[in-house]
Structures are given as structure tokens and as C-alpha cells.
Amino acid sequence: MKSIIITGASSGIGRATAELFLREGWRVGLVARRADVLEEMAAAHEKAVALPADVTDADAMQTAFDRFGDLNVLFNNAGMFGPSGPIDEIALEDWAQVMAVNIQGMFIAARLAFGRMRGLGGGRIINNGSLSAHVPRPGSVCYTTTKHAITGLTRTLSLDGRAHNIACGQIDIGNAESDMVAALKEKQPEMQTMDVAHAAQSVLHMAQMPLEANVQFLTVMATKMPYIGRG
């Protein structure tokens, strides 16, 4: 049975992806801070394993990975936007929180997955980047900085993983209808969005590839987003 750990699994893209993989018969480890939500999801799916943990807590994440056991794929998804505004209006503690979740949290999960997969003879890590890994929104210095860092993480893991049969790819998602995007859309009603199911289906496509093939970077976005062109 194929297995995957998904971080940020309690809502948005993570939850939609977890539910799709469960329907497809995968064993799914659900990582997020909200234990009650994870337990509810696990109660509804025999192959779901609730693994409550804060992705920035290395000890809690180690426990979660140890509980889950062998895995084929990590969807390194957990992240946050943080405050919006020009850099001189961003508090250092807010900057530090976004760095901790979006970079350190993803590093911790990738490190654990890489070590586990190395011992198993291979596996796949899928990092959730963003269109912000290419171009920023206005006032997004925290989030955009982290997503550029994740592209560097993806490339490094791809290179270092070759010797261990570990593939790493990145999905850059534009305006999937998650809670975070819904909050932005309230401020920008003209924002073009797409159903979160399309992002989940794209992750599944990447995960199902044989290890001799890899989707290095995949962009899936609302068709009418102003990402292409000057907007």
C-alpha cells in the first residue's frame, strides 16, 4: 500500500489532498496542530492516521514520523501568509513566525522524510511552493521570501536525493480556494480563483509517478490570474 504524510492536513489544500489520496486507497498521515480536526478525519477513513504536531517542533515531528512508519511520499505543504504590508511595517516577531513555519517547518519535515526514505531505498518529496516563488503579490515580503527559499530547498533535495533514489519536486499553486485565499478574496473581490480539487489532483499526479521520473516543477493556477503578462 502506498503511503504519504501530508503537513497542514487539517484545512485547505492539505485537507483536499489528504481526502483525495484516501479515496485513491493510500495510507495517509495527517500532520497539523489541530488534533480534534485530524481525529475527526481519521475516524472517517480507515487508512488515515492522525499525527498532531506543530511543524516547527522537531521533537513532535520526529514522534509523528516514527508513529507513521514507512512512507513513500511527503507532501510538504504546511505554511502561512503572515502580515501584509511594506517591509518597514512588518514586525520582526511576525517575520520570524513566517520564517519558522514556512522554512524551518518545511526543512524539518523534509529532513525526516529524506532520512526515512534513504533507509527504505527511495521515495518522493513534494514541496508546496507558490506563484510567489516566481513573482510576489504587493506587500508579501514574508511569504514571498520563504517561497523563494523553498525553490532552493527543492533543487538541493533533488540533487542530493539522486544517490538515494529520492525524487523531489515542487508544485506552485495559484489561487486555489483555500481558507487563506478566501481571506484575500474578501479584500480583492475581483481575484480569480479555482477549486482546490485541481491542486489536489496535481499533487496526486506528481506522487503517482514512478521514481525513475519526476515532475520537477508544476504550476497549476486559476486560468485568468494576471500571472502571465503584466495584468
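The values are calculated or read from the model by the stated rules, or taken from the named source; none is laboratory data. Small disclaimer: the values here were computed from a predicted structure and weren't measured. Neighbour counts are summed over all protein chains in view; Cβ atoms, including those assigned to glycine, are modelled from backbone coordinates with ideal geometry.
A few notes on this one:
A quick yes/no check of all residues on (1) out of contact with any Ser or Thr (no Cβ under 7 Å at 6 or more places or on another chain); (2) within 19 Å of Gln104 (Cα to Cα); (3) polar (S, T, N, Q):
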residue: Glu19; (1), (2), (3): yes, no, no
residue: Trp26; (1), (2), (3): no, no, no
residue: Ala35; (1), (2), (3): yes, no, no
residue: Met41; (1), (2), (3): yes, no, no
residue: Ala44; (1), (2), (3): yes, no, no
residue: Lys47; (1), (2), (3): yes, no, no
residue: Ala50; (1), (2), (3): yes, no, no
residue: Val55; (1), (2), (3): no, yes, no
residue: Asp59; (1), (2), (3): yes, yes, no
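- Taking (1) out of contact with any Phe, Trp or Tyr (no Cβ under 6 Å at 6 or more places or on another chain); (2) surrounded by 20 or more Cβ atoms within 10 Å (Cβ to Cβ) in turn, Cys142 satisfies each apart from (1).
- Conditions (1) of a type outside the set (Gly, Ala, Ser); (2) closer than 25 Å to Ala60 by Cβ; (3) at pLDDT below 95: number failed by Gln192: (2)
- Segment 82-138: number of residues that are of a type in the set (A, V, I, L, M, F, W, C), surrounded by fewer than 19 Cβ atoms within 10 Å (Cβ to Cβ) and either touching a Pro at 6+ places or on another chain (Cβ under 7 Å) or not in a helix (DSSP H, G or I) (or both): 3
- Scanning segment 151-188 for residues that are outside any helix (DSSP H, G or I) and hydrophobic (A, V, I, L, M, F, W, C) gives Ile166, Ala167, Cys168, Ile171, Ile173, Ala176.
- Only listed residue being surrounded by 20 or more Cβ atoms within 10 Å (Cβ to Cβ), in contact (Cβ under 8 Å) with a residue 24 or more places away in the chain, hydrophobic (A, V, I, L, M, F, W, C) and within 16 Å of Thr17 (Cα to Cα), chosen from Ala207, Ala197: Ala207
- Of all residues in segment 1-52, those that are closer than 25 Å to Phe81 by Cα, acidic (Asp, Glu) and without any contact (Cβ under 8 Å) to a residue 60 or more places away in the chain total 1.
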